[in-house]
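What follows is a short report on a single structure.
Coordinate-derived values only; no laboratory data. Predicted, not measured: the structure shown is a model, and the values here were computed from it. Please note: Cβ atoms are built from the backbone with ideal geometry, for glycine as well, and neighbour counts cover all protein chains shown.
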Amino acid sequence: MTGSATSVCPLCGGSGWKTVEGPERRVTRCDCVTRARAEKLLEQAGIPKRYADREFANFHTEFEAEKKSLSRAKFVAEGFVREYPAEETGLLLVGPAGVGKTHLAVAILKALIEQKGAHCLFCDYRELLKEIQNSYNPSVSTTELEVLRPVFEAEVLLLDELGAVKPTEWVWDTVSLILNTRYNEKRTTIITTNFRDLPPQPPGAGFSDGERARAANREETLGDRIGQRMWSRLHEMCKKVPMEGADFRQRIKSASFA
């Protein structure tokens, strides 16, 4: 039975099934069951409270300077939801801080849960690496595999802020393990990053003094942060979605003081 003695669904009377009228009378799962399942999946998805209200409907595309870029990104994201699961390729949302990458990615997760009943998981890249490192502490009962299993097995994984942790051999190995496992299992991955989507840039060897100085001070790329091999693998797994514009949060803050 669904519902309770004090709150019984008027469509199904608590049975979980409703009658559909037509040429042939039949029964189907009631809307109350679908809603209850979606609510459970949303809870299991681990979306932070800060992003709980993020949806396509409140994604900001009204600022003229970046309207074309953000409107296109939203169009691609909505199309991704419509085509899922026929389209297995994930999405790589690339752009500076504050343009709405996480907002749009969370909107995708919520729509997949509500419309497709997909099992989704939100992971902050930095927090995930901290959890894995913490699992090595003998006083902690959680193992590395227990931390990573939901990440490996999620039907759709949102890996937010990829590249945000300073690269080390351990970081590269961990990123490699996550991406390769999901790639081999053909699981869909949505990724956001603030870094430019370029391969690792060459070292300064053979450059002039001026070129070496510029290379040392240049902005790091996504390839620099995750390594050439995983940067290449990422482009097999995901379709790139550029998002351009000013930091929306700073714009709102400035407007509040105007």
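Dipole orientation for region 37-256: of the candidates Ala73, Ile132, Leu42, Ala73 has the Cα lying most toward the positive pole (charges on Cβ; Lys, Arg +1; Asp, Glu -1). Computed from label points 7 Å out along Cα-Cβ, the spacing between His119 and Ala164 is 2.6 nm.
Considering only alpha-carbon pairs that sit under 8 angstrom and 6 or more positions apart, the relative contact order computed for region 37-256 is 29 percent. Each of Lys110, Lys239 was scored by other Cβ atoms within 10 Å of its Cβ. Arranged with the fewest first, they read Lys239, Lys110. As a rough footprinting exposure proxy, the listed residues Val81, Val156, Val241 were ranked by other beta carbons within 10 Å of their own, and the order from fewest upward is Val81, Val156, Val241.
Count Lys and Arg as plus one, Asp and Glu as minus one, and take only other residues whose Cβ is under 14 Å from that of Leu91; the net charge is then +1.
Sorted fewest first by neighbouring Cβ atoms within 10 angstrom, Leu148, Leu179 come out as Leu148, Leu179.
In terms of overall dimensions, the C-alpha atoms belonging to region 37-256 reach 61, 52, 37 Å along their principal axes, ordered largest to smallest.
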